[in-house]
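Following: one structure in structure tokens, then a few remarks.
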Amino acid sequence: MKSYKLISILLFSSTLLSCTNSSNIVKISAWGNDVSSTLTVLESGLFNGEKYDYVASSYPVISSAMQKNSKLSIFEDIAKKFSSKYEVNGFPQAGLFINKKLEDNTEIKDEISSFLSLFDSSVEKLLNEDKSFGDIMNKYSTDLGKQTDYFGFNSKLLNNMLQGNKMAFISNKNNPSLEELNKVVEILEFTLKKESISSYYLSDSTYKESDYSKYKISVPFGAPAASLLPFIFDSNDTLNNNILFTTPLNIRTSLLSGNQDFVIFDSLTGMNISDNYKLVRLLTYGNLHLISLGNDSNNSVDSEDKIYAYGQELIPGKVVKSVYEKE
């Protein structure tokens, strides 16, 4: 009889432990291709007509959605959770890539260095919450809707996001060493190809007056686009049509074809899919948050929750999976 009771207790304990462990395993319920796909879920709280509990998203999409849905709140900073879990200092996101043809052209080395100096200065100004960036957008158009269509955000949102560096820009001087970068790369199961790192990476650059509007540059809608605002008008104060604000899918195509001088793209992915470009700067570092839609009754992320995220095989998606789907 005692033996029977002991077996029963052990079986019950085993079942209870199994249930407890399974409840800690969180699975992402649905994926979008890029950050823009999270906007409709954030605004409506629904995906395919079904209520969701959380969305992994990034600024400026988060700011835009919060203007339309008062139920939204930031549940946690995924970058901080990732850093704490793996003992690192965040993770790379968008990066600036240089076409290898420019990289290898020694005759324009000073010109490239000067362009990078201007780019670095632009990022520093963003970090210092420089309001002139909003003025540049207003120069393009005072219509906030037209700004959003062209850049993926507007000057009002930009001024809000500059406060506290919500878009997680990182200066050249704070770009991680290759050793630091490699640690994050291994966690996210990418490959750090040293031949895909530009000789200009981490280099100090000196500005020299030149016509930088000739460079063809593709940048995704959203946060990274802010870094190129000082470049959108040429020396004649005419809109620079060589800068293309577009979708990540189109930029991926450019990476593979090599038809642009510079591109901004998901840094680790870009290094792993293209032989035409080299990473020259990391631009954003850890702009990723879990947003509560106000539908979760226990306000705790668990296996019962519906979670929407983006970029399943890109850095944001791999970070989300490493934080929530792995013990």
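The values are calculated or read from the model by the stated rules, or taken from the named source; none is laboratory data. Values in this document were obtained by computation on a predicted structure and should not be read as measured data. With ideal geometry, Cβ positions are generated from the backbone for all residues, glycine too; neighbour counts draw on all protein chains shown.
Only a single item in (1) in the same structural domain as F190 (by TED's automatic domain parsing); (2) under 23 Å from N48 (Cα atoms); (3) buried (at least 23 other Cβ atoms within 10 Å of the Cβ) is not met by T247, and it is number (3). Against the condition within 18 Å of P60 (Cα to Cα) and at pLDDT below 95, how does F153 come out, does it pass? Yes: the conditions hold for F153.
Only one entry of N299, N295 meets the criterion of being surrounded by fewer than 23 Cβ atoms within 10 Å (Cβ to Cβ), at positive phi and assigned by TED's automatic domain parsing to the domain that holds D34, and that entry is N299. Scanning the stretch 140-149 for any residue that is β-branched (V, I, T) and farther than 30 Å from S322 by Cβ turns up at least one such residue. Residues in the stretch 284-327 that are more than 18 Å from the chain's Cα centre (by Cα), within 13 Å of K27 (Cα to Cα) and aliphatic (A, V, I, L, M): 2 in all.
The set of residues from the stretch 1-57 being part of a loop (DSSP other than H, G, I, E, B) and at pLDDT 95 or above comprises I28, S29, G45, N48, G49, Y52, D53. Looking at the stretch 284-305, can you tell me whether even one residue there is closer than 30 Å to E209 by Cβ and in contact (Cβ under 8 Å) with a residue 24 or more places away in the chain? Checked against the condition, which is being closer than 30 Å to E209 by Cβ and in contact (Cβ under 8 Å) with a residue 24 or more places away in the chain, the stretch 284-305 yields at least one hit.
Those residues that are over 20 Å from K321 (Cα atoms) and either within 22 Å of the chain's Cα centre (by Cα) or crowded, with 19+ Cβ neighbours inside 10 Å (or both), I need them from the stretch 46-61; list them, please.
Just the residues of the stretch 46-61 that are over 20 Å from K321 (Cα atoms), to begin with: 46, 48-51, 60-61.
Selection gives P60, V61.
F82 falls short on exactly one of the conditions (1) among the hydrophobic types (A, V, I, L, M, F, W, C); (2) assigned to a helix (DSSP H, G or I); (3) assigned by TED's automatic domain parsing to the domain that holds N240; (4) in contact (Cβ under 8 Å) with a residue 12 or more places away in the chain, and that condition is (3). Going through (1) touching a Leu at 6+ places or on another chain (Cβ under 9 Å); (2) small (G, A, S); (3) surrounded by fewer than 17 Cβ atoms within 10 Å (Cβ to Cβ) one by one, G95 falls short only on (3). Selection over the stretch 78-121 of residues that are within 18 Å of the chain's Cα centre (by Cα) and of a type in the set (S, T, Y) gives a count of 1. Residue-level check: of (1) assigned to a loop (DSSP other than H, G, I, E, B); (2) not assigned by TED's automatic domain parsing to the domain that holds V263, E129 misses just (2). Scanning the stretch 306-327 for residues that are surrounded by 18 or more Cβ atoms within 10 Å (Cβ to Cβ) and either in contact with a helix residue (DSSP H, G or I) (Cβ under 6 Å, 6 or more places away or on another chain) or not in a helix (DSSP H, G or I) (or both) turns up K306, I307, Y308, A309, Y310, G311, L314, I315, V319, V323. Within the stretch 281-327, being over 23 Å from S267 (Cα atoms) and of a type in the set (V, I, T) holds for I291, V301, I307.
Checking the condition of a type in the set (V, I, T), assigned by TED's automatic domain parsing to the domain that holds T40 and touching a Leu at 6+ places or on another chain (Cβ under 7 Å), which residue from I217, I232, I264, I315 passes?
Values: I217 fails: assigned by TED's automatic domain parsing to the domain that holds T40; I232 fails: assigned by TED's automatic domain parsing to the domain that holds T40; I264 fails: assigned by TED's automatic domain parsing to the domain that holds T40.
Checking each option against the conditions leaves just I315.
Here E189, E209, E195, E180 are screened, and the one residue that is at pLDDT below 95 and either on the phi > 0 side of the Ramachandran plot or not assigned by TED's automatic domain parsing to the domain that holds G134 (or both) is E189. Residues that are over 20 Å from the mean Cα position of the chain (by Cα), in a helix (DSSP H, G or I) and under 21 Å from N240 (Cα atoms) within the stretch 134-164 comprise G134, D135, I136, M137, N138, K139, Y140, L144, G145, K146, Q147, listed in sequence order. Candidates are the residues of the stretch 85-115 that are part of a helix (DSSP H, G or I) and aromatic (F, W, Y); the one that is nearest to L288 (Cα to Cα) is Y86.
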